[in-house]
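Student: Take a look at the following structure, please.
The values are calculated or read from the model by the stated rules, or taken from the named source; none is laboratory data. None of these values were measured; they are calculated from a predicted model. Methodologically, a virtual Cβ is constructed for each residue, glycine included, from the backbone with ideal geometry; neighbour enumeration extends over all protein chains shown. What goes into the accessible areas is simple: the full protein's heavy atoms, side chains included, and nothing from ligands, DNA or RNA. Shrake-Rupley method; radii C 1.70, N 1.55, O 1.52, S 1.80 Å.
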Amino acid sequence: MGKGERPEHMAPPDIFYNADEARKYTTNSRMIAIQSSLTERALELLALPQDGIPRLLLDLGCGSGLSGETLSEAGHMWLGVDISEAMLDVAVEREIEGDLVLGDLGHGLPLRPGAFDGAISISAVQWLCNADRTGHDPRKRMKRFFETLYMSLRRGARAVLQIYPENPQQAEMLVAAAMKVGFSGGLVVDYPHSTRAKKYFLVLMVGTSAATPQAKGLDGSEPEDEEEEAQVKVAGRDRHKRRKTAGGGSGSGTKGREWILKKKEQMRKKGYDIAADSKYTGRKRKRLV
């Protein structure tokens, strides 16, 4: 893929994210850092109660579980949906904590009504704006997606969908489709004056008319190298894994119960309100479909 080319223009997502692309994406330190940073911001915009109770969240377009790892580290349970079987295969190999479903967001979400406390999506929903196959009608696919997303969320819940719209018309089309099915909310654009750092978050609310959250960087400021800091943390984590392998460890990179308990304790010491440990902490999850 050449510089400046959008994946959406190359092939449908289940074709573009084949086995090779899925592995390259998942092992790219820059992509890991970006996914982590965007997911942390999405969690912030979800505004979940800070009461230490784990929530059940949706990760839409979950890929190989990079965003889901951030949800797990925050103490939440999650269900991921993705159209790429290759991405989900990598997620299973990595033994991520969430449950996984193979599915096309444009076909809707076959989920129990009111079952989820919130939803996030990182860099996925803009694919619905494209007619990838004969018979695809973007407006009908968006309508089906937002209708079923609305139904799956409990009253008062939020969905935070980070998107890369190709143009203002795409952003407006997504917002309009969400509002038509009953959501309130709108676009939050962080660092709107920056070409490099501008990020779009579609913040949607069910059964409430609360004000849209405040965007970052409205005063023209730039982010303080958050992405670079995230890459440093990821690089350090990779070095730790290599040392473990060299010292006779398993070398699989699996994050087991002991690692998760240690991570949660570190976050508690930093002042985060993290869910209590239970027999389910660190439980290996499997693909459902």
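Student: If you scan the stretch 168-183, which residues turn out to be crowded, with 16+ Cβ neighbours inside 10 Å and out of contact with any helix residue (DSSP H, G or I) (no Cβ under 7 Å at 6 or more places or on another chain)?
Tutor: 171, 175 - these are the residues of the stretch 168-183 that are crowded, with 16+ Cβ neighbours inside 10 Å and out of contact with any helix residue (DSSP H, G or I) (no Cβ under 7 Å at 6 or more places or on another chain).
Student: Look through 186, 182, 217, 118 and report the one residue that is more than 28 Å from residue 7 (Cα to Cα) and either at pLDDT below 95 or among the small types (Gly, Ala, Ser) (or both).
Tutor: Numbers: 186 fails: more than 28 Å from residue 7 (Cα to Cα); 217 fails: more than 28 Å from residue 7 (Cα to Cα); 118 fails: more than 28 Å from residue 7 (Cα to Cα).
Checking each option against the conditions leaves just 182.
Student: Please go through the stretch 64-85 and pick out each residue that is open to solvent by 10 Å² or more (accessible area, probe 1.4 Å), in a loop (DSSP other than H, G, I, E, B) and closer than 21 Å to residue 106 by Cβ.
Tutor: 83 - this is the single residue of the stretch 64-85 that is open to solvent by 10 Å² or more (accessible area, probe 1.4 Å), in a loop (DSSP other than H, G, I, E, B) and closer than 21 Å to residue 106 by Cβ.
Student: Do we find a residue being within 26 Å of residue 144 (Cβ to Cβ), part of a loop (DSSP other than H, G, I, E, B) and open to solvent by less than 20 Å² (accessible area, probe 1.4 Å) anywhere in the stretch 87-100?
Tutor: Within the stretch 87-100, one or more residues are within 26 Å of residue 144 (Cβ to Cβ), part of a loop (DSSP other than H, G, I, E, B) and open to solvent by less than 20 Å² (accessible area, probe 1.4 Å).
Student: Same structure again: Quick test of your reading of the structure: residue 147 fulfils all but one of (1) within 20 Å of the chain's Cα centre (by Cα); (2) more than 26 Å from residue 70 (Cβ to Cβ); (3) not in a helix (DSSP H, G or I). Name the failing condition by number.
Tutor: The failed condition is (3).
Student: Only residues that are assigned to a loop (DSSP other than H, G, I, E, B), open to solvent by 30 Å² or more (accessible area, probe 1.4 Å), closer than 22 Å to residue 120 by Cα and modelled with pLDDT under 90: list them for the stretch 1-38, please.
Tutor: 6, 17
Student: Can you find a residue that is closer than 21 Å to residue 104 by Cα and surrounded by 13 or more Cβ atoms within 10 Å (Cβ to Cβ) anywhere in the stretch 49-56?
Tutor: Yes; the residues of the stretch 49-56 include at least one that is closer than 21 Å to residue 104 by Cα and surrounded by 13 or more Cβ atoms within 10 Å (Cβ to Cβ).
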